[in-house]
Amino acid sequence: MQRHFPHLIDLDNYPVSSWNDIIDLAIDIKRNKHIYVGACNGKIMATLFYEPSTRTQMSFQSAMLRLGGGIIGFDNPATSSVAKGESIKDTTKIASSYSDIIVMRHFVEGSVKAAALTADCPVVNAGDGGHLHPTQTLTDLLTLKAEKGTLSGLTVGFCGDLKNGRTVHSLLKALSCYDNNKFVLISTNELKVPTYIKDRISASGKEYIEVNSLEEAIPELDVLYMTRIQRERFGSPEEYERQKNVFCLDAQKMRAAKKDMIVLHPLPRVDEITLEVDDDPRALYFKQANYGMYVRMSLILSILNEDISTKPLLVGKEMPDIKCSNPKCITNMENTLKGSFRNHGGILECEFCDERLLME
């Protein structure tokens, strides 16, 4: 029987108490760096990045090096056997035999969960397509806790590509678990938050509104979470061009915001925040990136020390005869996988990408 590892694919894998423990440990690491030097001596982390990354990859690598561990892996699949057609399963099985923990980013939704099903060490999701990005969410939660002093009672605006923004999806789900938060979802009609995320907000009893004007929304916000319009998530250049310049945060809009509102952004930015905003003390996106290293140090330690409890990856029913309707789902791309679905009152939900299918 395969060992049950404390994978992090979705923050839902962990209870909220574990999120809080990881955040508290990250704060302690930041304050007392010297205590944690060498905490991962003899441990190896494999970083498997099928998609470009700067902050996530470098912060994970810096985190492991600062803890005294080593690093293997790739940041370009063309330099690995992936270029020869090797499956995710085979790549992961090999990498997990050489390492104590795997950090994986992939452009296909549900791919990291698929990797974790057969890995022989813990696997951490560093972003799977437009689906989820749980370690960015831990970074965001740490930033909010450190800078606002709380994770509750906040009015948070999310602006930009809310349809394909995995950081948005993960953070909305997470903040819905804390008391008295409200959400303002600022996007075009084409780039609205997916229904399954809005259902999660509603089920938690939290309020949200959808608007298409950043100017009108900004005065009410405690936090503004800006995101870029992601060229790589669009089916055609024409679709991207129609959306890319709709929202832009500049000094004029910042003048209408609260004096203590903070601006976050998962980065990279393109043209959705002007350079003049960088000089505003409320612009915390570069500081936010620095927090990411500490929360990833905390996560690595928590996983390797098995200080966190985790839920099973799959809890639904395997249905090999039913295909997920999401063409970007890993189950439609890897022939080693069978569909697995949760049943929500006549609606099937793919356990890999969360796509919903109506049962006939």
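What ³J(HN,Hα) values, in whole Hz, does the Karplus curve 6.51 cos²θ - 1.76 cosθ + 1.60 give for segment 346-355 when θ = phi - 60°, with x put for Gly and Pro?
x, 10, 8, 10, 4, 7, 9, 10, 6, 5
5 Å is the cut-off here: which amide hydrogens, built 1.01 Å from N in the peptide plane, fall below it relative to residue 225, excluding neighbours closer than 5 in sequence?
HN-HN under 5 Å from residue 225: 157, 158, 159, 264.
What would the Debye formula give as log10 I(q)/I(0) at q = 0.12, 0.16, 0.23 Å⁻¹ for the alpha-carbon point model of segment 89-212, no solvent?
Values returned for q = 0.12, 0.16, 0.23 Å⁻¹ are -0.52, -0.81, -1.24.
For segment 22-154, max minus min Cα coordinate along each principal axis, in Å, sorted largest first?
Each principal axis gives a Cα extent; for segment 22-154 these are 49, 35, 25 Å.
State the percentage of accessible surface on segment 87-230 attributable to carbon and sulfur atoms; use a 1.4 Å probe and exclude ligands, DNA and RNA.
Details: 1890 of 4280 Å².
Roughly 44 percent, rounded to a whole number.
If you count only protein heavy atoms with a 1.4 Å probe, what accessible area per residue comes out for the chain, rounded to a whole Å²? Mind dumping the intermediate values first?
Working: 15770 Å² over 360 residues.
That works out to 44 Å² for each residue.
For segment 200-209, what does the Karplus curve 6.51 cos²θ - 1.76 cosθ + 1.60, with θ = phi - 60°, yield as ³J(HN,Hα) per residue in whole Hz, taken in order and with x for Gly and Pro?
Computed from phi, the couplings for segment 200-209 are 5, 4, 5, 5, 7, x, 8, 8, 8, 10 Hz.
Which value in Å is the Kirkwood Rh of the chain over different Cα pairs? All intermediate terms of the calculation are to be shown ahead of the outcome.
Numbers: mean 1/r = 0.0478 Å⁻¹.
With all distinct Cα pairs of the chain included, I get 20.9 Å.
Contact order normalised by length for segment 1-139, with contacts defined as Cα pairs under 8 Å and 6 or more residues apart; what percent is it? Don't skip to the end; give the middle numbers.
Values: 220 pairs, mean separation 38.2, N = 139.
About 28 percent, as a whole number.
Quote the FRET efficiency, to the nearest 0.05, computed for residue 215 versus residue 309 with a Förster distance R0 of 30 Å and r equal to the Cβ-Cβ distance.
Working: r = 45 Å, r/R0 = 1.49.
Given R0 = 30 Å and the Cβ-Cβ separation, E is 0.10.
Using a simple charge model, +1 on the beta-carbon of Lys and Arg, -1 on the beta-carbon of Asp and Glu, nothing else, what dipole does segment 255-358 show about its Cα centre, in debye to the nearest 20?
Numbers: 14 positive and 16 negative charges, 44 e Å.
Here segment 255-358 has a charge dipole of around 220 debye.
So what are the three principal axis dimensions of segment 144-230 from its Cα atoms, in whole Å, longest to shortest?
33, 27, 20
Long-range amide H contacts for residue 8: which residues qualify at under 5 Å (H placed 1.01 Å from N, peptide plane, sequence gap of 5 or more or a different chain)?
So residue 8 has HN proximity to 123, 124, 125.
From the phi angles alone, apply the Karplus equation (6.51, -1.76, 1.60; θ = phi - 60°) to segment 8-19 and give each ³J(HN,Hα) in whole Hz, x where the residue is Gly or Pro.
Karplus values, whole Hz, x for Gly and Pro: 10, 9, 9, 4, 4, 5, 10, x, 4, 4, 6, 4.
How far apart, in nanometres, would the label points at residue 16 and residue 62 be if each is projected 7 angstrom from Cα along the Cα-to-Cβ direction?
According to this spin-label approximation, the distance is 3.1 nm.
Scanning the chain for trypsin sites (Lys or Arg not before Pro) in DSSP loops with at most 10 other Cβ atoms within 10 Å, what's the longest stretch left with none? Before the final figure, lay out the partial values.
Values: sites that count: 3, 259.
That would be 4-258.
The values are calculated or read from the model by the stated rules, or taken from the named source; none is laboratory data. Here the structure is a predicted model, which is why all the values come from computation and not from measurement. Note that we place each Cβ from the backbone using ideal geometry, even for glycine, and neighbour counts take in every protein chain shown. We work out accessible area using only protein heavy atoms, side chains counted, and drop any ligands, DNA or RNA first. Shrake-Rupley method; radii C 1.70, N 1.55, O 1.52, S 1.80 Å.
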